[in-house]
Amino acid sequence: MANDSAKQLKALHIPSSPIVFLNVWDVASFNTVVSLNDGDSKPVKAIATASWAIAATLGVKDEELTMEQNFAAIAKLASQAEAANLPLTADLQDGYGDQLAVSVAKAVKLGIAGANIEDSVPSSGDMYNIGEQVQRYRTALKAAADAGCPEFVLNARCDIFHVGTNLDDEAMVNEAIIRGKAYLDAGATTVFFWGGPGRGMRTAWVERLVKELDGRVAVKLGATPDALTTAELTKLGVARISIGPSLFQISTAAIKKAATNILNGGGLL
């Protein structure tokens with residue numbers, strides 16, 4: 001089951017025609033997003049989770065979210081995705097340290113087709129040594145294959161643009177390219193670059209990464225007016241776009257705005 005979904009998911013990763021993920025965190029958000037597949041229009045091709053948003057629903061920080069807590073949410077979404085015949089990729093943070101193989105095998109057994117796995121440690125922000133991280137990605141893919149999913153879609157997250165703030169732009173991009181090529185050689189489908197909160201990835205960074213990594217690049221949308229749009233990222237040639245916890249954050253901001261209006265004498269609209 002997971003391997004069929006993984007094949008379906010992998011085929012959606014096309015440079016210059018990217019798969020766009022509207023990351024969800026619970027059944028309600030899943031149903032809201034999937035409701036867009038109305039009639040002949042099927043814009044939602046696959047589903048991704050967001051660990052930050054899952055953590056927020058539990059009142060904890062992303063780096064405090066345990067594997068058990070994350071999988072409790074993922075399991076509910078896995079059954080929904082199966083019923084909707086949509087591949088599901090899960091945010092597994094860094095794979096939970098030495099529990100990496102266990103977490104990936106558990107994901108496959110739930111029918112999950114792929115995962116984001118970070119190259120930094122959530123609790124500290126320190127990046128794994130590149131050699132160690134390559135081995136960790138190989139371990140993850142072997143665990144998936146051993147669990148029955150050799151086509152598992154690894155979206156290898158590289159956090160250099162987020163944690164490498166002591167480096168200049170050129171040094172960050174160079175390190176990103178070195179890591180990206182190594183991760184792809186290890187079997188990753190795409191390398192996911194996160195530019196941190198706010199605007200996120202810059203145009204020049206994306207252009208060079210796409211060129212050096214043959215378009216096998218995933219990017220998170222930024223959250224400022226000058227951030228790159230899905231249309232602009234498509235034109236730049238990426239293969240995958242996601243939004244992380246942005247829908248969750250937008251929804252909570254809307255709640256706050258409506259609540260403020262009500263408490264100040266207004267109505268619901």
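The values are calculated or read from the model by the stated rules, or taken from the named source; none is laboratory data. Quick caveat, the model's predicted, so the values are computed rather than measured. Virtual Cβ from ideal backbone geometry, glycine too; neighbours counted across all protein chains shown. Each accessible area value is taken on the protein alone, full model and side chains, heavy atoms only, with ligands, DNA and RNA left out. Shrake-Rupley method; radii C 1.70, N 1.55, O 1.52, S 1.80 Å.
Summary table below
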{"item": "Carbon and sulfur %, accessible surface of the chain computed with the full protein complex present, 1.4 Å", "result": "54"}
{"item": "Derived scalar couplings ³J(HN,Hα) [region 238-247; Karplus, 6.51 cos²θ - 1.76 cosθ + 1.60; whole Hz; x for Gly, Pro]", "result": "6, 9, 7, 10, 9, 10, x, x, 4, 4"}
{"item": "Diffusion coefficient, µm² s⁻¹, Stokes-Einstein with Kirkwood Rh over alpha-carbon pairs of region 96-203 at 4 °C and 1.567 mPa s", "result": "91"}
{"item": "Region 5-19 - phi-based ³J(HN,Hα) in whole Hz, Karplus 6.51/-1.76/1.60, Gly and Pro as x", "result": "5, 5, 4, 4, 5, 4, 5, 7, 8, 10, x, 6, 9, x, 6"}
{"item": "For region 9-135: rounded, prolate or oblate by the Cα gyration tensor [a/c cutoff 1.5]", "result": "prolate"}
{"item": "Gain in span if fully extended, SER79 to GLU212, counting 0.36 nm per residue against the direct Cα distance", "result": "44.1 nm"}
{"item": "Average Cα contact separation per residue, the chain, under 8 Å, 6 or more apart, as relative contact order %", "result": "22"}
{"item": "Value of relative contact order over region 208-268, rounded to a whole percent, pairs C-alpha under 8 Å and six or more apart", "result": "28"}
{"item": "Aspartates and glutamates whose Cα lies under 18 Å from that of LYS42, excluding same-chain neighbours fewer than 8 positions away", "result": "GLU82"}
{"item": "Mean separation of Cα contacts under 8 Å (6+ apart) over length of region 1-131, as relative contact order %", "result": "26"}
{"item": "Ellipticity estimate at 222 nm from DSSP helix runs (n ≥ 4, -39,500 (n - 2.57)) divided over the chain, nearest 500", "result": "-14000 deg cm²/dmol"}
{"item": "Amide H contacts of ARG199 (H built 1.01 Å from N, under 5 Å, at least 5 apart or other chain)", "result": "ALA223"}
{"item": "Candidates VAL34, VAL217, VAL60: whichever shows maximal mean-square fluctuation once the chain is modelled as a Gaussian network with Cα springs under 10 Å", "result": "VAL60"}
{"item": "Taking the C-alpha atoms of the chain, convex hull volume expressed per residue in Å³", "result": "138"}
{"item": "Nonlocal amide H pairs with GLY244, under 5 Å, H built at 1.01 Å", "result": "ASN23"}
{"item": "Residue-by-residue Karplus 3J(HN,Hα) for region 118-135, coefficients 6.51, -1.76, 1.60, Hz, glycine and proline x", "result": "7, 9, 10, 8, x, 6, 10, x, 5, 8, 5, 4, 4, x, 5, 5, 4, 5"}
{"item": "The chain - accessible surface per residue (Å², probe 1.4 Å)", "result": "46"}
{"item": "Trypsin sites (Lys or Arg not before Pro) restricted to region 1-79 and DSSP loop, no more than 15 other C-beta within 10 Å", "result": "LYS45, LYS61"}
